[in-house]
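Undergrad: Below are the structure tokens for one structure; questions will follow.
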Amino acid sequence: PRYNTKSVARIKSSWRKPIGIDSNIRKKIKGSQKMPSIGYRTDKSLRNYDKNGKFNITINTISDINLFSGLKNNFEFYLSKKLSTRTKRVFTKLFIKAFSF
């Protein structure tokens, strides 16, 4: 998170690189907050995996449900946040039919 987000309410938590001349984070002084770098990124082979070892897949269209209907053991499905409530209801009905829970 961005520096000072916890103490100052008006600062949003999205990351901004510190640019101040006396910034302890920019200077990478011991004991200060860590500055994000590419080295902290998750390995590509492990990305989108859940803590349970299941692969996360976001469903956006009906064809996605048909595409992944055979795969249910190692996958976890999530409905996209962009979908409306009505389409989410339709998708859940189709999802139950496709996977026959």
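The values are calculated or read from the model by the stated rules, or taken from the named source; none is laboratory data. Every value quoted in this text rests on a predicted model; they were computed, and no experiment measured them. Methodologically, a virtual Cβ is constructed for each residue, glycine included, from the backbone with ideal geometry; neighbour enumeration extends over all protein chains shown. Note: areas computed on protein heavy atoms with side chains; ligands, DNA, RNA excluded. Shrake-Rupley method; radii C 1.70, N 1.55, O 1.52, S 1.80 Å.
Undergrad: Longest span of the chain, sites excluded, free of trypsin sites (Lys or Arg not before Pro) in DSSP loop with at most 12 other C-beta atoms within 10 Å?
TA: It runs 52-80.
Undergrad: Rank these residues by their accessible area, most exposed first, probe 1.4 Å: Leu79, Leu46. Write down the numbers at each step before the final one.
TA: Values: Leu79 60, Leu46 105 Å².
Descending order: Leu46, Leu79.
Undergrad: Here is a further query. Only helical DSSP H runs with n ≥ 4 go in: add -39500 (n - 2.57) per run for the chain, normalise by residue count and round the 222 nm mean residue ellipticity to 500 deg cm²/dmol. Each step should come with its number before you reach the end.
TA: Numbers: 3 runs with 25 residues, N = 101.
Per the formula, -7000 deg cm²/dmol.
Undergrad: Please report the accessible area of Ser69 (heavy atoms, 1.4 Å probe, ligands and nucleic acids excluded) in Å², nearest 10.
TA: 50
Undergrad: Rank these residues by their accessible area, most exposed first, probe 1.4 Å: Tyr3, Tyr78.
TA: Correct descending sequence by accessible area is Tyr3, Tyr78.
Undergrad: Below 8 Å, C-alpha to C-alpha, sequence gap of six or more: please give me the relative contact order for the chain in percent.
TA: Working: 72 pairs, mean separation 16.0, N = 101.
Across the chain, relative contact order equals 16 percent.
Undergrad: Taking the alpha-carbon set of region 28-83, what are its Rg and Dmax in Å?
TA: 16.9, 52
Undergrad: Here's a follow-up. Given a 1.4 Å probe, how much area per residue of the chain is accessible, in Å²?
TA: Heavy-atom accessible area per residue stands at 87 Å².
Undergrad: Once phi is turned into θ = phi - 60°, what whole-Hz ³J(HN,Hα) does the Karplus curve with 6.51, -1.76 and 1.60 give for every residue of region 3-19, x standing for Gly and Pro?
TA: Coupling constants for region 3-19: 5, 6, 5, 6, 8, 10, 5, 7, 8, 7, 7, 5, 5, 10, 5, x, 10 Hz.
Undergrad: A further question on this structure: Let me see the pair-distance distribution of the chain: every alpha carbon pair, 10 Å bin width, integer percents in order.
TA: That works out to 12, 28, 21, 21, 15, 4, 0, in percent per bin.
Undergrad: Excluding Lys12 itself, calculate the net charge of residues whose Cβ lies under 13 Å from the Cβ of Lys12, where each Lys or Arg counts +1 and each Asp or Glu counts -1.
TA: With Lys, Arg at +1 and Asp, Glu at -1, the net is +4.
Undergrad: Let me ask something else about it. Among all lysine pairs in region 39-101 that are eight or more places apart or on different chains, how many have alpha carbons less than 25 angstrom apart?
TA: Going through region 39-101 pair by pair, I get 22.
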